[in-house]
Amino acid sequence: MTPYDDLMAHVRETQALSQVMGRLGWDQETMMPRGAAPQRGEEMATLESVLHERRLNPRVGEWLERIDPETLDDVGRANLRHIRRSFERASKVPAALAARIARVTSEAQGIWAEARAADDFAAFAPTLTEVLSLKREEGQALSAGGDVYDAMLQDYEPGASGAELEAMFGAMRPELTELRAAVRAAEAPPKLEGTFDEGAQMKLTRQLARTFGYDMSLGRVDKAVHPFSSGSGLDVRITTRTNPVDPFNCFYSTIHEVGHAAYEQGINRDYLLTPLGQGVSMGVHESQSRIYENQIGRSRAFTGWLFTQMQDAFGDFGVPDADTFYRIVNRVSDGFIRTEADELQYNLHVLLRFDLERALIAHDLQVGDLEAAWNDRFAADFGYAVDKPSNGVLQDVHWSVGLFGYFPTYSLGNVYAGCLNAAMQKDLPDLDSSLANGDTSAATDWLRKNVQTHGGLFEPKEVIAKASGSAPSESPLMAYLKEKFTALYDL
């Protein structure tokens, strides 16, 4: 066995254990008996300890030193790149600091939940200050004198920088706020009214999952409080949720999670249980979920087919025709919650968080001033005031668990989806005729071939550039949003 073979055997075992831990997390959110929580916590803590030791095993560093990249093919060099990046990042953070971050963020999540329920930001502020201080310390260790926020970004979007994202998002924000204001002043489409049987919702949502290419022999659809996708390779599971008065929540949450799951199912099977056998970044992952959900799932062609499926499932549900249904699906509505935001306004929620967290990391904004800064920015971008902290600064769990640098990947995913959609539409001029018949295979096959199959073989920007034919840019996304909502609202 060569040093590379030894290294990959170690990594495959580590990846397999990581998948087991992920399955425990899936079970905890879906089927675990409520009383099992304390034992499950012990089980997951033990597994995390084992994984941490394996990832920092000195032999990994020794193998990396002994391997000559020139003796490897492209796949081998890509594996080496991921392993080296992960090992070096983990090695830079002192074990005592990593343990303290794990302990404090675990406690912080509960404190945040209590503060959110009580609408009391002041009750959470001291804990957030401690989390922020620890994450800054970690970022300083990782950055080695460079930009701390950039170092944080690498955990979620390798190769991204705060300055690059600021320029991209800065170009988007005025156009988004202008388009949003115009839409808000126009006549709104009607709202969906009535109640929709939740059993029928789940039956149709499983049909939608299959329609978008989700392989049910390698996955399953279950209900959870918060929809998510879990796993990779041959076991990729998704969850959704139902609401008797809002079936779109179920259907589009499912399509979104299928986008994530299809990415994992579509990766070259030769990469199974290696660093290449999972999505390359959060931004690229989000590009798949967003293009499935929005550019495909909310298109006029596909919603025409979905309208007929809802008629079959629910009978006459009060919508007269497919055109009205399309307008209802894409209705722009006032709201405070990022996860419930429509396609037009979603990025404004993300850009707000990106700017605020970057200011926090840079010491340009203090935690004590965060709530006021949030409320001021929200009023400027959305045109109305936040009514309570749970609808504002306390609505997301991310900061409580230390996920600084995660938020921008949501909008970066939308930008990537815009680039991919423009290229896909060019390559598939008859796509709408297929979507109108409920056939998404042309689109999903294109995405599998051009994005999903590569897994972690290329860097994130390279994946998008190869698929779309040019470097990632916000321009295709903004052109798509302007064209869609200008027509939809007759602006």
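The values are calculated or read from the model by the stated rules, or taken from the named source; none is laboratory data. Keep in mind the model is a prediction, meaning the values are calculated, not measured. Ideal geometry is used to build each Cβ from the backbone, glycine not excepted, and the neighbour counts take in all protein chains shown. All accessible areas refer to the heavy atoms of the entire protein, side chains included, with ligands and DNA or RNA removed. Shrake-Rupley method; radii C 1.70, N 1.55, O 1.52, S 1.80 Å.
Here the accessible area is traced with a 1.4 Å probe on the protein chains. For the chain, carbon and sulfur cover 49 percent of it.
Entry comment: accessible area of the chain is 43 Å² per residue, from protein heavy atoms only and a probe of 1.4 Å.
A cut-off of 5 Å between modelled amide H atoms, ignoring neighbours fewer than 5 places along the same chain, links ALA160 with no other residue. Database remark: amide H of LYS223 closer than 5 angstrom to the amide H of THR240 (H placed geometrically; neighbours at sequence offset of 5 or more, or on other chains; Pro and chain starts carry no H).
Put a plus charge on the Cβ of each Lys and Arg, a minus charge on the Cβ of each Asp and Glu, and nothing anywhere else: the dipole of region 216-341 about its Cα centre is then about 160 debye.
Charging the Cβ of each Asp and Glu at -1 and of each Lys and Arg at +1, and nothing else, the dipole of region 1-83 about its Cα centre rounds to 300 debye. Under a model in which nothing but the beta-carbon of Lys, Arg (+1) and Asp, Glu (-1) is charged, the chain shows a dipole of about 580 debye around its Cα centre. Checking the Cα-Cα distances for LYS92/LYS466; LYS203/LYS426; LYS426/LYS482; LYS223/LYS466 against a 28 Å cut-off, the pairs over it are LYS92/LYS466; LYS203/LYS426; LYS223/LYS466. Taking a ≥ b ≥ c as the square roots of the eigenvalues of the Cα gyration tensor, an a/c ratio of 1.5 or more together with a/b larger than b/c marks region 135-181 as prolate. Each peptide in 126-135, 26-35 receives the mean, over its residues, of other Cβ atoms within 10 Å, and ordering these scores from highest gives 126-135, 26-35.
Here the Karplus curve 6.51 cos²θ - 1.76 cosθ + 1.60, taken at θ = phi - 60°, turns the phi angles of region 365-379 into couplings of 9, 9, 4, x, 9, 5, 4, 5, 5, 4, 4, 5, 5, 4, 4 Hz, with x standing for Gly and Pro. For the chain, the residue among VAL280, PRO69, ASN437 whose Cα projects farthest onto the positive side of the dipole built from Cβ charges is PRO69.
Among TYR263, SER299, SER289, whose Cα projects farthest towards the positive end of the dipole of region 257-304, with charges put on the beta-carbon of Lys, Arg (+1) and Asp, Glu (-1)? Farthest towards the positive end: SER299.
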